[in-house]
Amino acid sequence: MTGLCEEGAEPSDPTERDQGDHDLIDPEATDAALAGPELADPELVRHDGWPALLWRAGPGWRMVSSAILGGGLGPRAWVLNMQVPPGYSRMDPVDHLTETAAAEGLSGADGAGVGLMTAADVAAFTIGEDHGVRAWVTTGIGIPAWAAAPEPASLPSQLAQGEDGDRSPAYPPPGTINTIVAIPAPLTDAALVNAVATATEAKVQALVETGYACTGTPSDAVCVAALTPRPGDSPELFGGPRSVWGSRLARAVHAAVVQGARDDRVRRDGVRPRLPKGSSWSP
């Protein structure tokens, strides 16, 4: 992952630039892509008594995602971010997501849409926007972790001693950051994959800037949507943090995660996080 730097700073040595850095397309030219369909804010729906966020994108979108349902890359028509209880124990999450989609009149066939899960409060989602790019984030940082961590000596116990002496499940606090992003422009397959990396980098930057010593949580997921190319379109080739659409994506995700991290800290202990000196975020 590239190192953190001040927003907008350019590397002094051209050899330090990433793949997206040399693709500085004219922003005014790319704004023509904004005439395509837009991904509106999600609906708040309920299934089995639990809330979920539902984006009805419809046709005209390609998505890349790490989600358990509809993950991978291809045409997708909807996104579902479903809240489940802490200690969720169903062993068929794909079926559960499919059932929830079907209850909303959507095809649950694999590849028709994207389905994510979280124990975080989905109604408390945050939004970031930048030049037409929109990011929605649900944030639960109950289990902050570094991506490269030592292998544990043993798996943590799933049971805890209750007050009455019984063994009862010890449910961890909600610990998932789900990120959904919509880019109003067509991207190549490679650029979409690059956009996932950019979104992840922006998430980590936001967490560090808001005082969290982690790269995320072990169960984070991401979904990036871009327009399906139309006849005559030239899909964007790059999605890195110094390409036009990648930089917009990074700023949108960063803003949403910063707000989500701040809100999550306040929900947990009522304390605003201490920020590193020089942080770009202010309450």
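For residue 92 and residue 124, a Förster radius of 30 Å and the Cβ-Cβ distance give a FRET efficiency of 0.65, rounded to the nearest 0.05. For residue 44 and residue 147, a Förster radius of 35 Å and the Cβ-Cβ distance give a FRET efficiency of 0.65, rounded to the nearest 0.05.
Between amide H atoms placed 1.01 Å from N, distances below 5 Å from residue 69 occur with 115, all of them 5 or more places distant or on a separate chain.
Placing dummy labels 7 Å off each Cα toward the beta-carbon, the span from residue 233 to residue 214 is 3.6 nm.
Quick note: the coordinates plus some simple rules give every number you see, no bench work behind them. Bear in mind the structure is a predicted one, so any value in this text is a computation, not a measurement. For neighbour counting, all protein chains shown are included, and Cβ atoms are generated from backbone atoms with ideal geometry for every residue, glycine included.
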